[in-house]
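Reviewing the structure listed below.
Taken together, the values in this text are just the output of simple stated rules run on the coordinates, not laboratory data. Source: prediction; values computed, not measured. Cβ: placed from backbone, ideal geometry, glycine included. Neighbour counts: every protein chain shown.
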Amino acid sequence: MRQVFVYFLAFASLFGLATYNPLWAEIEAGGSVKADACAGDTTRLGVSRVVEIDATGGANIGGEKADAKHLLNDGEVVLSFDDGPMKSVTRPILKALADQCTKATFFMVGQMALADPDLVKEVVDAGHTVGTHTWSHKNIHVISTAKAEQEIEAAISMVSKVKGSPVSPLFRFPYLNSTKQTEAYLKSRNIGAVWIDIDSKDYRTRSPKVVEQNILAQLAKEKKGIILMHDIHPWTAAQLPDLLKELHDRGYKVVQFVPKGQVETVASYDAAAEKALTAKLAAKKANPMATRAIVWPMSPTPEADPASAGSRHKSSRYGKIATKPTITDGISEDSAPVKIPASKSKKAPKSKEEPSPWQFFN
């Protein structure tokens, strides 16, 4: 009798698998993404669709660009977080996402990845998509093209080094500010620029409820969109469980962006990233109690040089950000950023493809 019962259970399981439409059946364009064990739990938000992004030749994804690719249907959202990772904020965000069995895209700053390599791996191991957000959160709109390219490449190499494999070819401009030259550079590197449709405005408030209301109010109007949040603000993490539950209850579906292929890193920046990471690990071993460094303020967007205004895009909605709150709110700064000694030669690199990163990493 017991044997018959076991056979019955086996048959029932196979029948269930034959009739169940799993997450991986919804992957577009031949992507390969492992479905979570909780993917079939309808009480959680989950991931309804995985969209593979082909960044060959560059692309503008979402937002208001004239040539932007809009990949979402009504009722669909993409969750995205900029500026981290920061342990005190990113970890609660990871837990909230895991509790709802859903995925997001994290656009990481190179210096932040260097400050906490293990946390980068936690994000990767949780199955989230990792893109980059420059080395030090410089406003691309007001720096030289050469400096902007360094900001882009240093972040790509550092996050890739920490991650253990090349990072995805997805990038977000700090302050949502770009120039024609840097957009062209991304295209030449086969990197897609991911813009936003829904702004949480979590940089303007310390209230978790206000952040949630900002998102839901915009979604009610737009019906869909790429949501911008920041994993450096405690209030953003605090509101996320309620936001995700509300998204589920209102019938919204989460879409995860995954890359088709990986970005090709630049050898000289890889070498600099390796040296910086080695120095960081040595410093941590020497002083295990040292806390992470916070390396840039979430300050207003600087004004662009009028002389170069003709070649630069207008300032984004971030141009009117109040000076507070800043990224340093409630965060200790007991340790200094890891530095690489500058090379003896201060001459500009001769090759655009192989710039010298040593001075930049300093």
Open item on the list: Going 7 Å from the Cα of ALA217 along its beta-carbon direction, which residues of segment 160-201 have the amide nitrogen within less than 15 Å of the resulting point?
Closed with: 198-201
Open item on the list: Assuming 0.36 nm per residue, please report the length gained on full extension of the stretch LYS95 to GLN181 beyond their Cα-Cα distance.
Closed with: 27.1 nm
TODO: Just grab the label-to-label distance for ALA279 and ASP54, each label 7 Å out from Cα along the Cβ direction, in nm (one decimal).
DONE: 4.2 nm
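Using 0.36 nm per residue of separation minus the Cα-Cα distance, give me the extension gain between ASN287 and THR43 in nm, one decimal. Spell out each step's value before the answer.
Working: separation 244, 0.36 × 244 = 87.84 nm, distance 4.49 nm.
Difference between extended and current length: 83.4 nm.
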Task: Estimated distance in nm for a label pair at THR145 and ARG250, the labels positioned 7 Å out from Cα along Cα-to-Cβ - done: 4.2 nm
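Do the alpha carbons of any pairs in LYS69/LYS253; LYS138/LYS161; LYS65/LYS280; LYS69/LYS221; LYS147/LYS224; LYS87/LYS223 sit beyond 28 Å of each other, and which pairs?
Working: LYS69/LYS253 19 Å; LYS138/LYS161 21 Å; LYS65/LYS280 39 Å; LYS69/LYS221 20 Å; LYS147/LYS224 35 Å; LYS87/LYS223 32 Å.
Over 28 Å apart, Cα to Cα: LYS65/LYS280; LYS147/LYS224; LYS87/LYS223.
If neighbour count is taken as other Cβ atoms inside 10 Å, put ASP74, ASP242, ASP82, ASP270 in order from fewest to most.
Numbers: ASP74 9, ASP242 14, ASP82 24, ASP270 18.
Ordered from fewest to most neighbouring Cβ atoms within 10 Å, ASP74, ASP242, ASP82, ASP270 come out as ASP74, ASP242, ASP270, ASP82.
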Task: Least to most buried among TYR269, TYR203, TYR252 (fewest other Cβ within 10 Å first) - done: TYR252, TYR203, TYR269
Open item on the list: Between segment 259-291 and segment 99-125, what is the separation of their alpha carbon centroids in Å?
Closed with: 15 Å
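In which sequence would LYS275, LYS224 go, from the one with the fewest C-beta neighbours within 10 Å to the one with the most?
On the way: LYS275 16, LYS224 20.
Result, fewest neighbours first: LYS275, LYS224.
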